[in-house]
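Report on the following structure.
The values are calculated or read from the model by the stated rules, or taken from the named source; none is laboratory data. Small disclaimer: the values here were computed from a predicted structure and weren't measured. As a convention, Cβ positions derive from the backbone with ideal geometry for all residues, glycine included, and neighbour counts pool all protein chains shown.
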Amino acid sequence: MSDTPHATSFDELGLLPELLRAVKESGYTQPTPIQAQAIPIVLSGRDMMGGAQTGTGKTASFTLPILQRLARHANTSASPARHPVRALILAPTRELAAQVEESVKTYAKYLPIKSVQIFGGVNMDPQTQALRSGVEIVVATPGRLLDHVQQRTINLSQVEVLVLDEADRMLDMGFIPDVKRIISLLPKQRQGLLFSATFSDEIKKLADAMLNAPVLIEVARRNAVTELITHIVHPVAREKKRELLVHLIKSRNLNQVLVFCGTRLGTNRLAYQLNHEGVHAAAIHGDKTQSERMQALDEFKTGKVGVLVATDVAARGLDIVELPYVVNFELPSVPEDYVHRIGRTGRAGSTGEAISLVCSEEHDRLGAIEKIIKQSIPQSLVPGFEPNASEVPSYSPGRGREARDGGGGRGRGERPSLTRAERPERSERPAHAERSERPPASSRQAGKPQDPLFSKPYEPQVAPASSQPQQPDAPRSSSRPVRQVAALLGGIRKTP
């Protein structure tokens, strides 16, 4: 844990005049705790592990000192050789990569330092052209960066600083093997910075491989929730959720509302229904193209769209200034994701409200969330949308699997098959992660409808030791008449 004294202004952090000017023009006067602690450490050249939730200002805590470090290389020459890649910032999602690179551009406006954002879902050619023209800072998602490595359109031999942002999300999305491969391509003598909201054993192992005697900084306890956020639960029947959401938006005149759904299909459907009800809404999820996602986000930020309906993956890294409302239309299945969702609001000293619409099937999820955030969320029944008496929450917080699977609920074996759009979103994951988690072919076949003729797997029949061997020309034993088999197969004719 660092004992670095907290600076009360950016002037005390030893930043260049060009950087201080850009910071002030951006409207910032006082560094956040993570900035006050991290910037001096990064400027000293030491490796660092930063524990910080979203909305704590961690992006500036590494972009500002990196720009100061690279300022000594700043060159106005147009020669690509004078602008090699010296800093590599890895992010788990396209949106976060775009946000970080935008921050780099903002603070580097008075320095001749170039940057580029590299991620999938868009044409590689403009990225390749930018790399060939020379850039000092690359902000990338792991998969697309490895595409450029494979095509030899990027040279990482002069990288001085490596930043791994939101390492816990990298782990959740299956990017760690790609990250390790990228690390192996970098010079051994470099500075390493790792940021994560949580520090699991896997993250610690990654830090051991990536960092050298790092300084640990934590500005918030794990799964901490800012006191600036007001939490409220509205119990409601599942079929009345949409009507209640429309009622809350219209009756309270809510604007800039980020609504979370669990699936792509649910996200599209809810956005369509809201527009049909006169509420201007847009959807954002992994099946949308990058241009569609950026357009929806821009319209939401500028107020053209009042409601943005999103899945968890699509909302990673969204940086929306003073977002007032987050609505959990469906509670997340992983309680930690509740913390990430509501972390979109209550940022940088602004207040926010986290609204959850909870039906009877989600009572156990709510209990798990209350357990992890260590507080009870108040409930409020909205007149006209009260659930049946049997649906009002009567759970024990943190109740385990036994309670969820028992008592007449749907068992594991009765789970319906889901289309791709109905599955919980996990896009942006590398292909090898998808393949590694696929069950064996035998188990995949078990869930598919099969031809009645081949409804059972082939099992060799081994005769008992005491039985007589079957004659070579004897007909094979079968549970079906030969004619029936021939009819099912479309007829079998013997060749002369």
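Points worth noting:
- From the list Val161, Val246, the lone residue that is touching a strand residue (DSSP E or B) at 6+ places or on another chain (Cβ under 7 Å) and on the phi < 0 side of the Ramachandran plot is Val161.
- Answer residue from the range 79-113, given it is in contact (Cβ under 8 Å) with a residue 40 or more places away in the chain, out of contact with any strand residue (DSSP E or B) (no Cβ under 9 Å at 6 or more places or on another chain) and part of a loop (DSSP other than H, G, I, E, B) and is nearest to Ile182 (Cα to Cα) among those: Pro92
- Any chance Gly57 is buried (at least 24 other Cβ atoms within 10 Å of the Cβ), under 26 Å from the mean Cα position of the chain (by Cα) and over 29 Å from Gln151 (Cβ atoms): no
- Annotation note: Cβ proximity below 7 Å between a residue of the range 31-60 that is on the phi > 0 side of the Ramachandran plot and a residue that is surrounded by 21 or more Cβ atoms within 10 Å (Cβ to Cβ) and of a type outside the set (Ser, Thr, Tyr) (sequence gap 6+ or interchain) occurs for Gly45/Gln191; Gly55/Gly343; Gly55/Arg347; Gly57/Ile34; Gly57/Gln35.
- Residue that is surrounded by the most Cβ atoms within 10 Å (Cβ to Cβ) [pool: residues in the range 112-123 that are modelled with pLDDT under 95 and of a type outside the set (Phe, Trp, Tyr)]: Ile113
- Helices (runs of 4 or more DSSP H) within the range 138-220 that include 1 or more residues in the same structural domain as His73 (by TED's automatic domain parsing) and within 26 Å of Asp125 (Cα to Cα): 142-150, 167-172, 176-184
- Residue match in the range 349-370 (condition: of a type in the set (A, V, I, L, M, F, W, C), modelled with pLDDT of 65 or more, more than 30 Å from Gly57 (Cβ to Cβ) and in a loop (DSSP other than H, G, I, E, B)): yes
- Of everything in the range 255-269 that is in contact with an Asp or Glu (Cβ under 9 Å, 6 or more places away or on another chain) and not polar (S, T, N, Q), the residue that is surrounded by the fewest Cβ atoms within 10 Å (Cβ to Cβ) is Leu265.
- Only residues that are within 24 Å of the chain's Cα centre (by Cα), of a type in the set (Asp, Glu) and surrounded by 19 or more Cβ atoms within 10 Å (Cβ to Cβ) were counted across the range 135-167, and they come to 2.
- Selection count where residues are over 22 Å from Leu156 (Cβ atoms) and either outside the structural domain of Leu64 (by TED's automatic domain parsing) or in contact with an Asp or Glu (Cβ under 6 Å, 6 or more places away or on another chain) (or both), scope the range 81-110: 2
- Of all residues making up the range 270-288, the number that are part of a helix (DSSP H, G or I) and surrounded by fewer than 18 Cβ atoms within 10 Å (Cβ to Cβ): 4
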